[in-house]
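Chemist: I have a structure I would like to understand better, so I am pasting it below and will then ask my questions one at a time.
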Amino acid sequence: MSSLKKLREKYLAGEKLVFLTGYDALMSSILAEAGVDFILVGDSLSNVIAGYDNTLPITMEQMLWHTQMTVRGAKGVPVVADMPFMSYEVSIEQALINAGRFIKEGGATAVKLEGGTAVEPVIKALVNAHIPVCGHVGLQPQSVLTLGGYSVQGKSGSDAERIKTDALAVQKAGAFAVVLEMIPSKLAAEITDMLDIPTIGIGAGPRCSGQVLVTHDLLGFNERKLKIAKRYAEMREVALSALKSYVSDVKKGATPSEENAF
Ligand code: KIV
């Protein structure tokens, strides 16, 4: 059975869906063993891995390279590639070419792109070309320059209505799922009840059909603690303490010992 059919069956059976970000083969192999349903090569790698302030600088070539790495480690778990800023806005033709590259060259199962009514024709064209699409509404980090920041969206009545219209447009265009980012739990629950496709929440409360997080956030790699991500480990501290011990041991001449030598 195809991975999208499996996802649909789980959704219809009421099983919660788990998406997590992965940017390379090492992490995707761990995510696969952990039992995630989908691995998302998020453009958040621009912040998390590349060290930029936002997701705008990451390029098509860079996203493609990370998608290839992620697919190699994913042990058959389906991978969704995030379409980077300005890879689908110029024309439908451009969107088709770039999404096609993620499938043909990257080995991805699907692509994700941000936007609602504005990208309905783009999603439709990709789905018509047999490229599965995951939508993304609510907070759209690629719009940071016009939004002016990363605040919770949909707090006012009119904004909430706009997000509902966006989610419906994404569904109508043929997306197999939609990410709801940083919107009030009540609004996310309403959208989840309204749609016939799974909602995948991030900072959107517990009533979505599934959840997605930046894996590095839940593993505690970042110094900054985020409200939306419960930390299941403190990997930064674990790594730091191990590395400090190593530095100190080399300085003292305590490593390598004869055990590590030939
Ligand atoms: O880029 C990303 O990682 C994302 C999500 C976390 C949904 O788009």
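The values are calculated or read from the model by the stated rules, or taken from the named source; none is laboratory data. Computed from a prediction, not measured in an experiment: that's the story for all the values here. When we count neighbours, we look across all protein chains shown, and the Cβ atoms used for this are built from the backbone with ideal geometry, even at glycine.
Chemist: Which residue is nearest to ARG8 (Cα to Cα), if the candidates are limited to the stretch 174-210 and must be assigned to a strand (DSSP E or B) and of a type in the set (Gly, Ala, Ser)?
Modeler: So, considering only residues that are assigned to a strand (DSSP E or B) and of a type in the set (Gly, Ala, Ser), the one nearest to ARG8 (Cα to Cα) is ALA177.
Chemist: Here's a follow-up. Hey, could you check the stretch 39-94 for residues that are among the small types (Gly, Ala, Ser) and free of Cβ contacts under 8 Å to residues at least 12 places away in the same chain and say which is farthest from the ligand (Cβ to nearest atom)?
Modeler: Of everything passing the filter in the stretch 39-94, SER91 is farthest from the ligand (Cβ to nearest atom).
Chemist: Considering only residues that are aliphatic (A, V, I, L, M) and within 26 Å of THR109 (Cβ to Cβ), look in the stretch 184-193 and name the one that is farthest from the chain's Cα centre (by Cα).
Modeler: ILE191
Chemist: I would also like to ask the following. Being within 12 Å of the ligand (Cβ to nearest atom) and within 23 Å of LYS104 (Cα to Cα) is the requirement here; does LEU20 meet it?
Modeler: It is true that LEU20 is within 12 Å of the ligand (Cβ to nearest atom) and within 23 Å of LYS104 (Cα to Cα).
Chemist: For the stretch 208-232, name all the residues that are without any contact (Cβ under 8 Å) to a residue 12 or more places away in the chain and within 14 Å of the ligand (Cβ to nearest atom).
Modeler: The answer is LEU226, and nothing else.
Chemist: Please specify each residue of the stretch 211-258 satisfying the condition of being outside any loop (DSSP other than H, G, I, E, B), hydroxyl-bearing (Ser, Thr, Tyr) and more than 25 Å from PHE19 (Cβ to Cβ).
Modeler: SER241, SER245, TYR246, SER248
Chemist: Quick one: would you say LYS124 is among the basic types (Lys, Arg), without any contact (Cβ under 8 Å) to a residue 40 or more places away in the chain and farther than 26 Å from THR70 by Cα?
Modeler: In short, no.
Chemist: Taking LEU139 as the residue in question, decide whether it is of a type in the set (A, V, I, L, M) and either away from the ligand (no atom under 16 Å from the Cβ) or modelled with pLDDT under 95 (or both).
Modeler: Spelling it out, it is not the case that LEU139 is of a type in the set (A, V, I, L, M) and either away from the ligand (no atom under 16 Å from the Cβ) or modelled with pLDDT under 95 (or both).
Chemist: Suppose the filter is within 22 Å of PRO141 (Cα to Cα) and either within 16 Å of the ligand (Cβ to nearest atom) or touching a residue at least 60 places away in the same chain (Cβ under 8 Å) (or both); does GLN171 pass it?
Modeler: It is false that GLN171 is within 22 Å of PRO141 (Cα to Cα) and either within 16 Å of the ligand (Cβ to nearest atom) or touching a residue at least 60 places away in the same chain (Cβ under 8 Å) (or both).
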